[in-house]
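Visitor: The structure under discussion is supplied below as structure tokens; questions concerning it will follow.
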Amino acid sequence: MTTIHVPVLVNMTMEYLVNQLDGVYVDATLGTGGHFRALSEKLDQNAVLIGIDADPTAIEYCKNSLVIPQKHLYINSNFESIKAVCFRNGYPRVNGILMDLGLSSFGLDNQQRGFSYSTDGPLDMRFSPDLTVTAKDIVNSADQFQLETIFRNYGEERHSRLIARAIISERNIEPINTTGRLAEIIRRRTHPTHVTKTLSRIFQALRIAVNRELDVLEKAVKDAISMLETDGRIAIITYHSLEDRIIKQLFKTESSDCICPPEFPICQCNHKATIKKLTGKPILPDRAEIRMNSRARSAKLRVAVKI
């Protein structure tokens with residue numbers, strides 16, 4: 001790893017998330033520990049901090065580099081299992097949960113992980129080595145319809161069909177095993193003015209498919225809300241529209257007393273609100289933060305409180 005990411009929207013996140021200085025707080029996407037360190041600095045010494053990450057490299061890095069005065073746990077697990085992880089460690093209820101959905105330095109900076117189209121490496125893209133399906137498996141075995149669907153639904157790429165055809169044509173000649181070869185196939189089929197965005201969308205789509213990110217996210221957020229103590233907070237930082245749409249809809253649903261269709265004259269769902277939104281619109285980074293940290297430019301923070 002060559003760089004450590006600066007935590008995004010850290011001041012606003014701490015301001016909204018922490019309302020009990022001696023509480024139990026979970027950073028469900030530990031990464032290099034930037035937000036975890038900020039939480040430690042905000043909380044008093046009687047607090048408990050739990051850091052979760054699917055990447056064992058992130059866990060090992062934080063164990064060796066972070067000095068945290070509070071009681072703290074580092075747990076190697078996907079945040080899909082947040083409820084089970086906290087329960088097993090004696091914390092079925094917590095006061096705050098943070099999820100920063102950005103890709104950590106451990107993936108971006110290691111070309112062997114295959115997340116980046118700017119360097120050549122194995123076409124992998126797994127957050128955790130425990131996963132069995134890689135991007136190479138998808139690229140070389142999915143049929144055209146499956147590839148189109150992945151690129152369209154997870155990358156919002158309008159040329160999904162063209163790129164899917166190109167991939168199938170090229171893999172019939174030789175398997176596509178590296179990020180460099182996949183990127184070159186995409187470049188040859190894309191107008192020069194659009195190539196960077198198209199590469200970003202296709203690589204994003206494959207990463208989401210490999211790690212089941214959107215399915216995992218919905219389950220993790222629902223479980224996280226169920227774990228919160230009354231007045232506990234959940235703060236989620238997203239970086240692309242697919243994630244933000246899921247969080248926006250989940251917060252809308254969970255903050256509503258009725259989720260029946262509008263045409264129903266009388267409520268039949270018996271749904272009760274479990275949270276109150278603290279951010280009507282997402283909080284965005286200011287220009288100063290974006291100048292200092294380009295990773296922040298697409299970040300959106302949404303926060304809710306358990307009722």
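Quick note: the coordinates plus some simple rules give every number you see, no bench work behind them. Given the structure is predicted, the values throughout are model-derived calculations rather than measurements. All Cβ positions, glycine included, derive from the backbone under ideal geometry; neighbour counts span all protein chains shown.
Visitor: Which lysines have a Cα lying under 23 Å from the Cα of LYS197, excluding residues fewer than 8 positions away in the same chain?
Guide: LYS136, LYS300
Visitor: So between THR193 and LEU73, what do we pick up on full extension, going 0.36 nm a residue minus the alpha carbon distance? Could you put the intermediate results ahead of the total?
Guide: Numbers: separation 120, 0.36 × 120 = 43.20 nm, distance 4.67 nm.
Length difference between fully extended and current span is 38.5 nm.
Visitor: Which of the aspartates and glutamates could a cross-linker bridge to LYS83, judged by Cα under 15 Å and excluding same-chain residues fewer than eight apart?
Guide: Here the aspartates and glutamates satisfying the reach criterion relative to LYS83 are ASP27, ASP53, GLU218, ASP223, GLU229.
Visitor: Same structure, new question: Could you line up MET14, MET125, MET292 from fewest to most neighbouring Cβ atoms inside 10 Å?
Guide: Working: MET14 19, MET125 27, MET292 11.
So the residues, fewest neighbours to most, are MET292, MET14, MET125.
Visitor: Another question about this same structure. Return CYS267, CYS260, CYS62 ranked ascending by Cβ neighbour count within 10 Å, so the fewest neighbours appear first.
Guide: Details: CYS267 11, CYS260 14, CYS62 21.
Placing the least packed residue first, the sequence is CYS267, CYS260, CYS62.
Visitor: Hey, another quick one. Specify whether the C-alpha gyration tensor of the stretch 50-94 places it in the rounded, prolate or oblate class, a ≥ b ≥ c being the square roots of the eigenvalues: rounded for a/c under 1.5, otherwise prolate if a/b is larger than b/c and oblate if not. Before the final figure, lay out the partial values.
Guide: Details: a/c = 3.18, a/b = 1.30, b/c = 2.45.
Taking the square roots of the gyration eigenvalues as a ≥ b ≥ c, the stretch 50-94 is oblate.
Visitor: Follow-up question, since we're still on this one. Please work out the FRET efficiency for the pair ASN270 and ARG212, using the Cβ-Cβ distance as r and a Förster radius of 41 Å; give the result to the nearest 0.05.
Guide: On the way: r = 31 Å, r/R0 = 0.75.
Given R0 = 41 Å and the Cβ-Cβ separation, E is 0.85.
Visitor: Right, something else. Looking at the stretch 227-275, which trypsin sites (Lys or Arg not before Pro) are in a loop (DSSP not H, G, I, E or B) and have at most 11 other Cβ atoms within 10 Å? Can you show the working numbers first?
Guide: Values: sites: ARG233, ARG245, LYS248, LYS252, LYS272; in loops: LYS272.
When the trypsin sites (Lys or Arg not before Pro) of the stretch 227-275 are filtered for loop state and at most 11 Cβ neighbours within 10 Å, LYS272 remain.
Visitor: Which angle from 0 to 90°, rounded to the nearest 10, does the C-alpha axis of helix 213-227 make with the longest principal axis of the chain?
Guide: For 213-227 against the chain, the angle is about 10 degrees.
Visitor: Rounding to the nearest 20 debye, state how big the charge dipole of the stretch 116-211 is about its Cα centre with +1 on each Lys and Arg Cβ and -1 on each Asp and Glu Cβ.
Guide: 360
Visitor: Normalise the Cα radius of gyration of the chain by 2.2 N^0.38 Å (N = residues in it) and let me know the number.
Guide: Values: Rg = 20.4 Å, N = 307, 2.2 N^0.38 = 19.4 Å.
Computed over Cα atoms of the chain, the ratio equals 1.05.
Visitor: Taking the number of other C-beta atoms within 10 Å as the exposure measure, put PHE203, PHE87 in order starting with the fewest. If you can, show how the numbers build up before the last one.
Guide: Numbers: PHE203 23, PHE87 13.
If I rank by nearby Cβ atoms, fewest first, I get PHE87, PHE203.
Visitor: To continue, here is another question. Mind pulling the angle between the C-alpha long axis of helix 195-211 and the longest principal axis of the chain? Nearest 10 degrees, somewhere in 0 to 90.
Guide: 60
Visitor: Per 0.36 nm of contour for each residue apart, how much would the distance between GLU15 and SER241 grow if the chain were fully extended, relative to their Cα-Cα spacing? Spell out each step's value before the answer.
Guide: Details: separation 226, 0.36 × 226 = 81.36 nm, distance 2.43 nm.
My answer for the length gained is 78.9 nm.
Visitor: Roughly what would the spin-label model give for ASP143 and SER200, points 7 Å off Cα along C-beta, in nm?
Guide: 3.3
Visitor: Same structure again: If a paramagnetic tag sat 7 Å from the Cα of GLN112 along the Cα-Cβ line, which residues of the stretch 137-154 would have the backbone N under 18 Å from that point?
Guide: No residue qualifies, since no backbone N sits under 18 Å from the label point.
Visitor: Here is a further query. Of THR196, CYS86, GLN249, whose Cα points farthest to the positive end of the dipole of the chain (charges on the beta-carbon: +1 Lys, Arg; -1 Asp, Glu; origin at the Cα centre)?
Guide: THR196
Visitor: Right, another one. On each of the three principal axes of the Cα atoms of the stretch 1-113, give max minus min coordinate, whole Å, ordered largest first.
Guide: Dimensions of the stretch 1-113 along the principal axes of its Cα atoms: 40, 30, 23 Å.
Visitor: Could you compute how fast the stretch 116-211 diffuses translationally, taking Rh as the Kirkwood radius over C-alpha pairs and applying Stokes-Einstein at 4 °C with viscosity 1.567 mPa s? Give it in µm² per second. Please list the in-between numbers first.
Guide: Working: Rh = 13.0 Å.
Once the numbers are plugged in, D ends up at 100 µm²/s.
Visitor: Quick check on the stretch 6-71: what does the Kirkwood estimate of hydrodynamic radius come out to from the alpha carbon pairs, in Å?
Guide: Details: mean 1/r = 0.0836 Å⁻¹.
Taking the inverse mean of 1/r over all distinct Cα pairs, the stretch 6-71 comes out at 12.0 Å.
Visitor: What's the magnitude of the charge dipole for the chain around its Cα centre, counting Lys and Arg as +1 and Asp and Glu as -1 at the beta-carbon? Answer in Debye, nearest 20.
Guide: Working: 40 positive and 35 negative charges, 142 e Å.
Dipole magnitude for the chain comes out near 680 debye.
Visitor: On to the next question. Relative to the first principal axis of the alpha-carbon coordinates of the chain, what is the inclination of helix 160-173, with its axis defined by its Cα atoms, in degrees from 0 to 90 and to the nearest 10?
Guide: Approximately 60 degrees, to the nearest ten.
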